[in-house]
Amino acid sequence: MKKYFLLTGIFVVLVSCSTTKSYTVLPKSNTETQGDVTFTQKGKTVTLKMNINNLAPGEHAVHIHEKGDCSAADASSAGGHWNPAKDDHGKWGAEHFHMGDIGNLTANADGYGTLTFSTDKWCIGCDDESKNIIGKSIIIHAGQDDFTTQPTGNAGGRVGCMEIK
């Protein structure tokens, strides 16, 4: 019986250590981009899952931007890439990259794309401002990230935006 209560207690602790937040992508720059984004934190790992519709077929850069503000028609209100370390733009995991450098999402011929990304370098609502994604935004760009051009990866206009609250 003691073993049952111990296992039940461990399960309750593990379940309570998970946080999930879901959001809707807003179309920007006179596009019809839409979709949903979910962040889930389990332990120290945050997983981002995106399902995006109405994109032009091909590659689209996805970045976390520094401000959780999608009010501008072109999403310029979201500011630049989230870059608390003031590092050069690049590809995630390379020598230089911004905390907001997620990568590219591929939209199929019907304009639908998905992206899943996991990291222990982010957190949802923690006290470490160099890791906390709350108060930032996700931007979906018109073009692909070349992972080289400073400071944005030459990704083009902002076609989708979502505030991380």
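Numerical summary
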item: Gyration tensor (Cα) of region 26-89, equivalent ellipsoid semi-axes in angstrom; result: 22, 18, 12
item: The chain: most fluctuating residue of Ala155, Ala72, Ala107 per GNM, C-alpha cutoff 10 Å; result: Ala72
item: Net dipole in debye of the chain [+1 Lys, Arg Cβ; -1 Asp, Glu Cβ; about Cα centre; nearest 20]; result: 860 debye
item: Reduced Cα scattering model of region 60-122, Debye log10 I(q)/I(0), q = 0.14, 0.17, 0.25 Å⁻¹; result: -0.48, -0.69, -1.12
item: Residue among Leu105, Gln150, Ala73 farthest towards the positive dipole end of the chain, charges placed on Cβ; result: Leu105
item: Helix-only [θ]222 nm of the chain, DSSP H runs n ≥ 4, -39500 (n - 2.57) each, per residue, nearest 500; result: -3000 deg cm²/dmol
item: Isolated Cys in the chain, by beta carbon distance under 4.7 Å; result: Cys17
item: Set of aspartates and glutamates with alpha-carbon distance to Lys42 below 14 Å, sequence-local pairs under 8 removed; result: Asp120
item: Degrees, to the nearest 10: 2-16 long Cα axis against longest axis of the chain; result: 20 degrees
item: The chain: relative contact order as a whole-number percent, Cα under 8 Å and 6+ apart; result: 26 percent
item: Region 116-131 - phi-based ³J(HN,Hα) in whole Hz, Karplus 6.51/-1.76/1.60, Gly and Pro as x; result: 10, 9, 10, 7, 9, 8, 10, 8, 9, x, 7, 7, 8, 5, 7, 10
item: Shape of region 65-165, Cα gyration tensor, a/c cut at 1.5; result: rounded
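Every number in this text was worked out from the coordinates using simple rules, so none of it is lab data. Source: prediction; values computed, not measured. For neighbour counting, all protein chains shown are included, and Cβ atoms are generated from backbone atoms with ideal geometry for every residue, glycine included.
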